[in-house]
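**Q** Got a structure for you, written out below as structure tokens; questions coming shortly.
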Amino acid sequence: MKKKAIFLIALLLASVHFSLSASLTKDVKIKVMEKRIRDFSLDGLTLVFYVNIANSSSKDYFLSGYEYRFIVNQADYLQLQTGLDDGLRIESKGETLVAFPVKITYENLFQTIPEMKDELHATCNLVGWARFSDGRRKKGKLALAFTGDFPIFWEPELELDQLRVNTLTLGGADINFELKFKNKNRFELMINRISYTLTLAGYEIEKGTIPGDKNIDKQGEKLFSLPLLLDFFELGKEVYNVLDKSSTQSRFTGDVEVQTVWGRLTIPFDKQEVLAITRIP
């Protein structure tokens, strides 16, 4: 008799839970309205799912918490479980926009999913549950299942291309220094400015800024030319000896400010190599 009573109670509780969940499923609908990338930086970004929760019933519901797994290229990146103490009111016959932000740090991503180190782009899924109550008791949970994508950012690669001496006298020189930026990314980069210091054989030759408004196509490259008139009375006669050789140790340091569709980034660079010195015949 006791076992029969326990079975009946369990059956009753199960039917109540089914009734509550069925009611919730009928009353509340969840739909992704927008996916947006925020806080884009050299270190990572935040992918935000903006979700509309519509309540078609005549009573208020409360979002009491949620839990989800965030999956990148079919591998688990993180899991999160959050409770909302007061609950977020989803008013009757109303709609509420809720943001589900996921912070992605490239370093953590590469440690967790090593194969992402060589990727340019990632697809992702957010799967889990949203829990609801009526303000006093639990009413059940609804599934969360969102898809999205985000870029893996690669800093533009700097190459020192050429050092050409047009004229060389004891008093000065007319030279042309060329450099190249390569964009490995699957999106365009707009260069706002390049701040630089050019050093040859340890001597600071020029410090300045290259103006921007130059775009680098996705997976493309852009050549920049620096025409310079040098005064050896100002720089020192040693620079004459540097430019009179067939090659020299060159160093180009500074930072480049680029504009992406998600905001601006300032990227430092420091490139050193031995460049052959070419001359006009």
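**Q** Looking only at the stretch 253-281, filter to residues that are over 25 Å from GLU188 (Cβ atoms) and β-branched (Val, Ile, Thr); which one of those is nearest to the chain's Cα centre (by Cα)?
**A** The selected residue is THR253.
**Q** For the stretch 156-172, how many residues are open to solvent by 20 Å² or more (accessible area, probe 1.4 Å) and either assigned to a strand (DSSP E or B) or under 23 Å from TYR77 (Cα atoms) (or both)?
**A** 8
**Q** Scan GLU67, GLU115 and give me the residue that is outside any loop (DSSP other than H, G, I, E, B), charged (D, E, K, R) and within 22 Å of GLY140 (Cα to Cα).
**A** GLU67
**Q** Starting from the stretch 216-235, keep only residues that are on the phi < 0 side of the Ramachandran plot and touching a residue at least 60 places away in the same chain (Cβ under 8 Å), then list their pairs with residues that are in a strand (DSSP E or B) and of a type in the set (A, V, I, L, M) whose Cβ atoms are within a distance under 7 Å, requiring at least 6 positions of separation or different chains.
**A** The qualifying pairs are ILE216/LEU189; ILE216/ILE191.
**Q** While we're on this one: Do any residues in the stretch 94-117 that are in contact (Cβ under 8 Å) with a residue 60 or more places away in the chain have Cβ atoms under 8 Å from those of residues that are loosely packed, with under 14 Cβ neighbours inside 10 Å and part of a strand (DSSP E or B), where the two are at least six apart or on different chains, and which pairs are they?
**A** What qualifies is LEU97/MET33; PRO101/ARG38.
**Q** Determine which member of the set LYS245, LYS218 is outside any strand (DSSP E or B), within 30 Å of LEU47 (Cα to Cα) and open to solvent by 50 Å² or more (accessible area, probe 1.4 Å).
**A** Residue meeting the stated conditions: LYS218.
**Q** Here's a follow-up. What do you reckon, is GLY135 modelled with pLDDT under 95, open to solvent by 30 Å² or more (accessible area, probe 1.4 Å) and either under 30 Å from GLY87 (Cβ atoms) or out of contact with any strand residue (DSSP E or B) (no Cβ under 7 Å at 6 or more places or on another chain) (or both)?
**A** Against the criterion (modelled with pLDDT under 95, open to solvent by 30 Å² or more (accessible area, probe 1.4 Å) and either under 30 Å from GLY87 (Cβ atoms) or out of contact with any strand residue (DSSP E or B) (no Cβ under 7 Å at 6 or more places or on another chain) (or both)), GLY135 qualifies.
**Q** So is THR123 of a type in the set (Val, Ile, Thr), open to solvent by 70 Å² or more (accessible area, probe 1.4 Å) and under 24 Å from the mean Cα position of the chain (by Cα) or not?
**A** yes
**Q** Scan the stretch 19-42 and give yes if some residue there is of a type in the set (Asp, Glu) and either modelled with pLDDT under 85 or not in a helix (DSSP H, G or I) (or both), otherwise no.
**A** Yes, because at least one residue in the stretch 19-42 is of a type in the set (Asp, Glu) and either modelled with pLDDT under 85 or not in a helix (DSSP H, G or I) (or both).
**Q** Would you mind finding the one in VAL16, VAL72 that is aliphatic (A, V, I, L, M), at pLDDT below 95 and farther than 15 Å from ILE90 by Cα?
**A** Exactly one residue qualifies, and that residue is VAL16.
**Q** Please count how many residues of the stretch 87-119 are of a type in the set (A, V, I, L, M, F, W, C), in contact with a strand residue (DSSP E or B) (Cβ under 7 Å, 6 or more places away or on another chain), surrounded by 14 or more Cβ atoms within 10 Å (Cβ to Cβ) and farther than 10 Å from TYR77 by Cβ.
**A** The qualifying residues number 4.
**Q** While we're on this one: Can you name the number of the only condition in (1) of a type outside the set (Val, Ile, Thr); (2) over 27 Å from TRP154 (Cβ atoms); (3) not in a helix (DSSP H, G or I) that GLU234 fails?
**A** GLU234 satisfies all of (1) of a type outside the set (Val, Ile, Thr); (2) over 27 Å from TRP154 (Cβ atoms); (3) not in a helix (DSSP H, G or I) except (3).
**Q** If you go through the stretch 50-61 one residue at a time, how many are open to solvent by 30 Å² or more (accessible area, probe 1.4 Å) and either of a type in the set (A, V, I, L, M) or part of a strand (DSSP E or B) (or both)?
**A** 1
**Q** A further question on this structure: Search the stretch 253-274 for residues that are aromatic (Phe, Trp, Tyr) and pair each with any residue that is surrounded by 11 or more Cβ atoms within 10 Å (Cβ to Cβ) when their beta-carbon atoms are under 6 Å apart and the residues are at least 6 apart or on different chains.
**A** Going by the 6 Å Cβ cut-off, the qualifying pairs are TRP262/ILE37; TRP262/PHE40; PHE269/LEU158.
The values are calculated or read from the model by the stated rules, or taken from the named source; none is laboratory data. These figures come from a predicted structure and were not determined experimentally. Quick reminder, even Gly has a Cβ in these numbers, built from the backbone with ideal geometry, and neighbours come from all protein chains shown. The accessibility values were calculated without ligands, DNA or RNA, using every heavy atom of the protein model including side chains. Shrake-Rupley method; radii C 1.70, N 1.55, O 1.52, S 1.80 Å.
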